[in-house]
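Down below is the structure, laid out as structure tokens.
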Amino acid sequence: MSADEAGTSPAAVTMETEVFEVMIRGSIEAVWREITKTDELQGAIFNARMHTDGLKPGGQIRMRTASGAYTSVVGHVLEFDPPRRFVHTMAFTTQDDPESTVEYDLEQQGDQVRFRLTVTMPAGTKSAKQMRQGGTMIVNTLKRIVETGRPSLGIRLLYRLFTLLEGISPKRCRSENWPL
């Protein structure tokens, strides 16, 4: 039965918002680079590489494994205001859940940057559960990378595990299924 047949519509999805915030010793430019770079892996965002047809409103985003063979997240840019605000949609390729919205807000405060990650996601979904768990990891890993130059040992080991398990990713996540 479709959502319309059930008397609901995609617009009727209940959304919830989580906010993750951290103070990072460093420059706003360093933090901005870590969350928007496309020329290397994003160590704070699950060691994925951002592929895009343009970091501008309407631009598409694909977060791919280091090898590029699998795509874990798809979305599009809603706002891009360097180096202060970046907003995009996202959906996990492993889920059929409605899109979430991810907001990155940065504010230089002396020798630190207030970094806020706000995620608005469909309530009660697997995607929401993953985002709640992942949000804390993202802000803490971003802080560690900007302040020390690399993620913690535990995160590096986790990323190594991701690489080893890449081959068992679902076929639906193959990057050829998610072109730009």
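No lab work stands behind these numbers, since they all come straight from the coordinates. Note that the coordinates shown come from a computational prediction; the quantities given were computed from them, not determined experimentally. Cβ placement follows ideal geometry from the backbone for every residue including glycine, while neighbour counts extend to all protein chains displayed.
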Quiz prompt | Nearest 10 degrees, 0 to 90: helix 126-148 Cα axis against the chain principal axis | solution = 10
Quiz item: For the chain, what is the charge dipole size about the Cα centre, in debye to the nearest 20, if Lys and Arg each add +1 at the Cβ and Asp and Glu each add -1 at the Cβ?
Solution: 740
Quiz item: Highest GNM mean-square fluctuation, the chain, Cα pairs closer than 10 Å: which of Ser67, Ser169, Ser100?
Solution: Ser67
Exercise. For a quick protection proxy, order the peptides 130-137, 106-113 by their average other-Cβ count within 10 Å, most packed first.
Key: 130-137, 106-113
Exercise. Identify all lysines with a Cα-Cα distance to Lys143 below 20 Å; exclude those on the same chain that are fewer than 8 residues away in sequence.
Key: Lys37
Self-check item: Shape call, segment 51-178: gyration tensor on alpha carbons, a/c limit 1.5
Solution: oblate
Quiz item: Mind checking the angle between helix 153-165 and the chain's longest principal axis? C-alpha axes, 0 to 90 degrees, to the nearest 10.
Solution: 40
Quiz item: Which of rounded, prolate, oblate describes segment 15-56, given a ≥ b ≥ c as roots of the alpha-carbon gyration tensor eigenvalues and a/c under 1.5 marking rounded, otherwise prolate only if a/b is larger than b/c?
Solution: oblate
Exercise. Please tell me the relative contact order of segment 29-81 in percent, rounded to the nearest whole number, where contacts are Cα pairs under 8 Å and at least six residues apart.
Key: 25
